[in-house]
Amino acid sequence: MSSNQVRASHILIKHQGSRRKASWKDPEGRIIMNTTRDSVVEQIKAFKYDILSGKAKFEDIASRHSDCSSAKRGGDL
């Protein structure tokens with residue numbers, strides 16, 4: 001990667017207020033429709049703590065929990 005490039009990764013967790021209420025993990029959207037924004041915020045805070053404390057790796061959490069298809073690449077966009 002050259003010095004003028006960046007690399008981005010993310011963890012996307014959908015909730016009942018999401019624009020598209022389906023994902024590769026939940027094609028019917030059953031879980032997403034019953035997930036509140038507040039519960040997602042708490043889940044993301046827990047993920048952040050686990051990553052920063054060294055309890056978990058970002059890539060592992062993204063692979064298991066992200067609703068984005070980038071989960072297959074550890075969240076790498």
Computed over the Cα atoms of the range 30-73, the Rg and Dmax in Å are 11.3, 32
Taking Cα atoms, the helix 37-52 axis meets the longest principal axis of the chain at an angle in degrees (rounded to 10) of 30
Here, the chain modelled as identical Cα point scatterers in vacuum has Debye log10 I(q)/I(0) at q = 0.12, 0.24, 0.25, 0.27 Å⁻¹ of -0.37, -1.11, -1.16, -1.24
Carbon plus sulfur, as percent of the 1.4 Å-probe accessible area of the chain, comes to 51
Computed over the range 30-73, protein heavy atoms only, probe 1.4 angstrom, the accessible area per residue in square angstrom equals 72
Given unit charges at Cβ for Lys, Arg (+) and Asp, Glu (-), the dipole magnitude of the range 30-73 about its Cα centre in debye, nearest 20, is 100
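The values are calculated or read from the model by the stated rules, or taken from the named source; none is laboratory data. In this text the structure is predicted, and so the values were computed from the model without any measurement. Ideal geometry is used to build each Cβ from the backbone, glycine not excepted, and the neighbour counts take in all protein chains shown. The protein model used for the area step is the full one, side chains on, heavy atoms only, and it has no ligands, DNA or RNA in it. Shrake-Rupley method; radii C 1.70, N 1.55, O 1.52, S 1.80 Å.
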